[in-house]
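Values quoted throughout were computed directly from the atomic coordinates according to the rules given, and no laboratory measurement underlies them. All values reported here derive from a predicted model rather than from experimental measurement. Methodologically, a virtual Cβ is constructed for each residue, glycine included, from the backbone with ideal geometry; neighbour enumeration extends over all protein chains shown.
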């Protein structure tokens, strides 16, 4: 056999071997990606079936038995029918996002199973750097909250000084549906978080921008209706395995994003971040940390970027909701009652304030000193003390008392 023929055979065998290896790699990546999607679909179906306030400890145990292999709870050994937070985490074979905090926080970094130069070939073969996380919470034998979230990032290639992976980039997509006892609008997040006056049991935020990132946060309480739940838990898990990669959260969570876009003009997020004029009083009382009767001390004009508001200081005289003691604060401010709360209010509201007059004050966040920079002030809702407003306050507090499901002390 001539040398030329021998080299042709060697090259042919080498090419066939390389092709077989590439085909095997492609098949492996595709199989594991579709397996991740298959598991994620079943996990989502299980989360959808949970009825907040109705599903029992027996239902929770069935889920824990089914998904125990993927348990990601920090306190799973302390889980009981009295109190249990249970988390389930599924991720792709790369483990690139395995330690990424989705909902409750956690460690940044990566447990990438191969050298980072392999990330590109893995992506070209259809691999998707992804993590799917679900949680539910049991109190006194009843499941009261649940969540489902998906994080996708194209190529997580940003590393810190220690060589660990920083998973998030502006191209990353994070979509979350969370059943909370309190919604974001009640915790006074930005005016871009919107809610419907006709559907106060949910709130939405969505962004699809390469400069700031891609994310959806859909929140709902255990009292949300069935149609709302169906829309907010509509995840397109095809994004975990499709050949053409999803690039927007509108593809990943289509119903929630569509609802956000079509409803944002009809929904109310407030006159501005400070005034919170669109927030019904009972919702504010339900979701805020504190509701108080307060005395007006002084007002003064706001400064940029809050020049259209006033910086108003109040003396907290009586708490209708919230703890009086403030743990972990400075020693010279130890109680809410008797402390001074400074918050922004609209100029229209401020014209109705009279020094020494009493008002209803609804707020979250820390107690503010007069020296607190205006941009850091906790927004608040101010309302006159009337029978109608007191009834709304009591309605919100009563609803919150149901949602807080206090844990029964151990015997």
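Fewest to most neighbouring Cβ within 10 Å: what's the order for 310, 248, 386, 221?
Numbers: 310 22, 248 18, 386 10, 221 26.
Least to most surrounded, the residues fall as 386, 248, 310, 221.
Once the piece of chain linking residue 58 and residue 3 is laid out straight, how much longer is it, given 0.36 nm per residue of separation minus the C-alpha distance between them? The partial results should precede the final answer.
Values: separation 55, 0.36 × 55 = 19.80 nm, distance 7.36 nm.
Between residue 58 and residue 3, full extension yields 12.4 nm more.
Just grab the label-to-label distance for residue 140 and residue 25, each label 7 Å out from Cα along the Cβ direction, in nm (one decimal).
5.7
Residue 66 to residue 354: extension gain in nm, 0.36 nm per residue of separation minus the Cα-Cα distance? Kindly include the intermediate steps, with their values, before the conclusion.
Numbers: separation 288, 0.36 × 288 = 103.68 nm, distance 6.08 nm.
Result for the pair: 97.6 nm of gain on full extension.
Take 55, 401, 203 and order them by how many other Cβ atoms sit within 10 Å, fewest up front.
Numbers: 55 19, 401 12, 203 28.
The most exposed by this proxy come first: 401, 55, 203.
Determine, from the Cβ-Cβ distance of residue 51 and residue 11 and an R0 of 56 Å, the FRET efficiency 1/(1 + (r/R0)^6), rounded to the nearest 0.05.
On the way: r = 64 Å, r/R0 = 1.14.
Efficiency, rounded to the nearest 0.05: 0.30.
Sort 219, 137, 388 so that the residue with the fewest other Cβ atoms within 10 Å of its own Cβ comes first and the one with the most comes last. Display every interim value, and only then the final one.
Working: 219 26, 137 20, 388 10.
Listing 219, 137, 388 from fewest to most nearby Cβ atoms yields 388, 137, 219.
By how many nm would the segment from residue 34 to residue 78 lengthen if fully extended, with 0.36 nm per residue of separation less the alpha-carbon distance? All intermediate terms of the calculation are to be shown ahead of the outcome.
Numbers: separation 44, 0.36 × 44 = 15.84 nm, distance 3.38 nm.
Residue separation times 0.36 nm, minus the Cα-Cα distance, leaves 12.5 nm.
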